[in-house]
1. Here are some residues: Thr208, Thr171, Thr151. Which one is among the β-branched types (Val, Ile, Thr) and at pLDDT below 95?
2. Can you go through Lys284, Lys294 and tell me which one is touching a Gly at 6+ places or on another chain (Cβ under 7 Å), more than 24 Å from Thr188 (Cα to Cα) and either modelled with pLDDT of 95 or more or part of a helix (DSSP H, G or I) (or both)?
3. For Tyr56, only one of the following conditions fails: (1) among the aromatic types (Phe, Trp, Tyr); (2) over 20 Å from Ile239 (Cα atoms); (3) within 16 Å of the ligand (Cβ to nearest atom). What is its number?
4. Select from the range 123-139 the residues that are of a type in the set (S, T, N, Q) and more than 19 Å from the chain's Cα centre (by Cα) and list them in ascending order.
5. Determine whether Val194 is at pLDDT 95 or above, buried (at least 17 other Cβ atoms within 10 Å of the Cβ) and not charged (D, E, K, R).
6. Could you check Phe103 against (1) over 26 Å from His256 (Cβ atoms); (2) modelled with pLDDT of 90 or more; (3) of a type outside the set (Asp, Glu) and say which number it fails?
7. Which helices (runs of 4 or more DSSP H) sit wholly inside the range 60-174 and have at least 1 residues that are within 16 Å of the ligand (Cβ to nearest atom)?
8. Looking only at the range 158-175, which residues are among the basic types (Lys, Arg) and out of contact with any strand residue (DSSP E or B) (no Cβ under 9 Å at 6 or more places or on another chain)?
Amino acid sequence: MRKIENLTEVLRKGHEGRYAVGSFSPRYTKLILPIVEAAIETKSPVIIQISEKEIYRHKVDINDFAEKFFGVIDELKPTIPIVLHLDHTKDFAIIKQAIAAKFTSVMIDASEYEFDKNVELTKQIVAYSHPYGVTVEAELGKIGTTDFVETEHDEELFTVPKEAKSFVELTKVDALAVSVGTAHGVYTVRKPRVDYDRLLSINQLTKTPLVLHGGSGVPSDMVIKAVQMPSGGVSKVNIATDVEQAMLKVIGRETHITEEELNRYPQEILKKARTAVKELVKDKINHYLLSAGKAE
Ligand SMILES: [Zn+2]
């Protein structure tokens, strides 16, 4: 069994090897297991994440989430690289809680503020997290949303390449979420798109690994193109909605439930839900992220 890692090596290897590492949101602690199993079976590195909004929406306790995560690690004893990451968070107190609970990576989302304030807040989190060996992801530009699950704004503001360069230099973040056309949630009216020229410009100006949010529902050829750009493309792809949809389909629900509600389902149904999630994650690893077999 190997130690849980932060983002540094996991994303560096992805960037060099032209594959992306999936950052999957189980949203419910019962779904941590099938994601880790899928990564083990495909010999892929994997990131398990939960966001501030998910914690409130599904009534998940962050300490319990970490405890269940480490329980899965003890049970499966994986030898693949695994990162425990806190996705979109604004509240410094939650970031502190996550680090105390042994998360190895955190995201500070101060993208709603203007550049200078975003830099200032991000620097504070970097200064707090790095001494613990915890990596930090930040967001520049505004990633749109279709369902307000991850963020509260639906405004979309593409990342400006020159600003990305100064942002990473000023903040020393370990990964940068960029806004290049994808959106959080389910794509219904609006269609997913990726501004490859913008991605290329950002990549040419910075070596910091880039993150594509809103990866659910984006066609595999679009993700692959964004991952395999000559300049390196994106090295981390966040997938949350697809995981939940796979589970909801099995239990016959239309919309999200709470952690407690899912835990009350009979074992037999939970088992089926876990199988569906595992298959979904394997499909993403094999056909979207191209990270299968990369866990060496
Ligand atoms: Zn996001």
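1. It is Thr151.
2. Lys294
3. Among (1) among the aromatic types (Phe, Trp, Tyr); (2) over 20 Å from Ile239 (Cα atoms); (3) within 16 Å of the ligand (Cβ to nearest atom), Tyr56 violates only (2).
4. Gln124
5. Values: at pLDDT 95 or above: no; buried (at least 17 other Cβ atoms within 10 Å of the Cβ): yes; not charged (D, E, K, R): yes.
No, not satisfied.
6. So the condition that Phe103 fails would be (1).
7. Numbers: elements: 62-76, 92-100, 115-129, 161-171.
Per the criteria, 92-100, 115-129.
8. Of everything in the range 158-175, those that are among the basic types (Lys, Arg) and out of contact with any strand residue (DSSP E or B) (no Cβ under 9 Å at 6 or more places or on another chain) turn out to be Lys162, Lys165.
The values are calculated or read from the model by the stated rules, or taken from the named source; none is laboratory data. As the structure is a computational prediction, the values presented were derived from the model and not from experiment. Don't worry about glycine lacking a Cβ; one is built from the backbone with ideal geometry, like all the others, and counts go over all protein chains shown.
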